[in-house]
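Report on one structure; see the data block that follows.
A short reminder: the numbers here are calculations on the coordinates, not readings from a lab. Owing to the predicted nature of the structure, the values given are computational and were not obtained by experimental measurement. All Cβ positions, even for glycine, are placed from backbone atoms using ideal geometry, and neighbour counts span all protein chains on display.
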Amino acid sequence: MRSNKKLAGAGLVTAIAASLCCITPVLALIAGTSGIASTFSWLEPFRPYLIGLTVLVLGFAWYQRLKPQSQEEIECACEDDDLPAGKAGKPSFWQSKTFLGIVTVFAALMLAFPLYADVFYPKYNKQIMVVDKADIQTIEFTISGMTCNGCAEHVKHEVNKLDGIISVNASYENGNAIVEFDQTRTSNIQIEKAINSTGYKVTGQK
């Protein structure tokens with residue numbers, strides 16, 4: 001029974017680690033410290049392995065919990081000093097199916113975090129007054145370090161803080177951000193600085 005508690009904890013840790021690269025940008029937004037957004041982006045190549053490890057660990061924990069107990073295991077459970085007095089044979093909450101179920105659901109939410117990370121970012125509906133269309137410029141910034149939708153949303157969030165931004169389309173899959181802006185109110189240098197402030201790096205412009 002004690003091993004189940006440890007397995008559940010291990011499964012939870014690996015699930016969080018698997019999505020830490022996408023959880024950090026959201027934490028950075030909440031804390032107001034953009035620069036830490038890319039702190040764990042180096043974990044992205046290991047994500048498939050961490051997901052697999054999480055599934056294996058939690059799967060084994062459920063197997064251990066659901067398999068029929070032998071007479072020897074039942075007798076050992078009665079002597080388990082983790083159990084409250086007077087409740088021999090009854091697992092504590094930390095060793096119950098309920099706890100393992102909660103851990104499994106939370107782990108699943110963590111593993112799926114990159115799919116819904118963008119919902120934590122505010123949506124901008126800016127009213128831009130452009131006096132001369134000749135002042136509108138569109139630049140594609142090549143960016144390294146983005147690993148999920150949350151990363152792209154973090155870049156968009158920072159760029160949209162600048163005056164004169166008309167639209168920002170960031171993509172972690174393409175590793176870029178296409179920015180349309182009024183060059184009389186902001187510049188490509190300011191936009192690059194805003195992107196770099198997130199911890200992701202602009203590697204080129206065109």
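Skipping prolines and chain starts, which residues have an amide H placed within reach, meaning under 5 Å, of the one on I166, given they are 5 or more residues away or on another chain?
E180, F181, D182
Expressed as a rounded percentage, what relative contact order does the stretch 154-206 have, with Cα pairs under 8 Å and six or more residues apart? Each step should come with its number before you reach the end.
Details: 55 pairs, mean separation 17.9, N = 53.
Relative contact order of the stretch 154-206: 34 percent.
Ignoring solvent entirely, what values of log10 I(q)/I(0) come out of the Debye formula for the stretch 121-205 at 0.16, 0.21 Å⁻¹ when each Cα is a single scatterer?
Results for the stretch 121-205 at q = 0.16, 0.21 Å⁻¹ read -0.54, -0.91.
Where does the charge balance sit around A28 when Lys and Arg score +1, Asp and Glu -1, over other residues with C-beta under 13 Å from its C-beta?
Details: positive: none; negative: E153, E158.
Counting the neighbours of A28, the net charge comes to -2.
In what order do S19, S41 fall by count of nearby beta-carbon atoms within 10 Å, going from fewest to most? All intermediate terms of the calculation are to be shown ahead of the outcome.
Values: S19 27, S41 21.
Ordered by Cβ neighbours within 10 Å, fewest first: S41, S19.
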